[in-house]
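What follows is a short report on a single structure.
Here, each number is a calculation from the coordinates, and none is a lab measurement. All figures in this text were calculated on a predicted structure; none of them were measured in a lab. So basically every Cβ, Gly included, is an ideal-geometry build from the backbone, and we count neighbours across all protein chains shown.
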Amino acid sequence: MKGKSDAYKKLLERLGDVDMSSGGNFWKPPEGLSTVRILPPVGKMEYFFLEIGQHYIDNTSYMCTNICSDGADPCPLCEVNELLFRAGQKEMADRYRVSRSFWMNVIVRGEEASGPQKFTPGVTIFRSLASYVTDPDYGHITDPDEGFDVKITRKGVGISTRYETRCARNPNALSDDDDMIEEWLEKSTDIVEFVAGQMLSYEDLAEQTGVDVFLEQGDMSTLEAEADEDEPEDNGDESPSSKIEKRLSRRSGRGDTRRKRSS
Ligand SMILES: [Zn+2]
């Protein structure tokens, strides 16, 4: 670290809200059964969820500029991860891997007084949710009037944590009180804006994490050529379910380098 205290301070301020362990109205399923209602998208959110990538380096979480921009922008940490992996440095590569999660607003049943909370499940829970969204018997599970509560059972702790996710059998209203629904939707976090506020530029991210050194040495030209091939074309007008399926299939081709953050 060479005289970065100001930039570092700025970074910490930006990251302050994202620390998953320290509240900030993030909700994590406790052991046992929880029932939640996922809230529909608000503000700039296109869908009820936003796919997020985070790199955890020295116990600090950094937003992945590639995943959080839906593939539009490059991420120096992902590039270094790939460079090291290709160079056979798997253990070092591991340090720069990305964790994917899907951020959304929920009302936790029994904790309605807390209002909307941010829920950040990983791929396992999200895959279950996606299966309901794409199932015509369910569909719009976030609809405030005719959507479905979601039951999440958490078993175990740490790396042995297992989740079971299923939708309630019957649709129900988010609340019997229309004013309450309106208030919850107003208080929901615009996840797109929230995450945009936590993102660093490519250069800052590379510098703050010290990977700028790797990138100066690496041969990025081959990497970019291959990355372009992987990227499916976006045809603009997609239904949420086809977009979800595309995301899931895009991911399945890659080596599973994700790690569920143990709580
Ligand atoms: Zn990344």
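On the beta carbon distance between Asp94 and Thr153, with R0 = 51 Å, the FRET formula returns roughly 0.95. Gain on full extension, evaluated as 0.36 nm per residue between Asp143 and Asp176 minus their Cα-Cα distance, stands at 10.5 nm.
If I take all pairs of Cα atoms in the range 167-209, what percentage of them are more than 11 Å from each other? Every Cα pair in the range 167-209 considered, those over 11 Å come to 76 percent.
Rounded to the nearest 0.05, what FRET efficiency do Ser160 and Asn59 have when you use their Cβ-Cβ distance and R0 = 22 Å?
Numbers: r = 22 Å, r/R0 = 0.98.
With a Förster radius of 22 Å, E is 0.55.
Computing FRET efficiency as 1/(1 + (r/R0)^6) for Arg169 and Glu112, where r is the C-beta to C-beta distance and R0 is 35 Å, gives about 0.95. Packing here is the average count of other Cβ atoms within 10 Å per residue, and on that basis the peptides 137-147, 162-172, highest first, run 137-147, 162-172.
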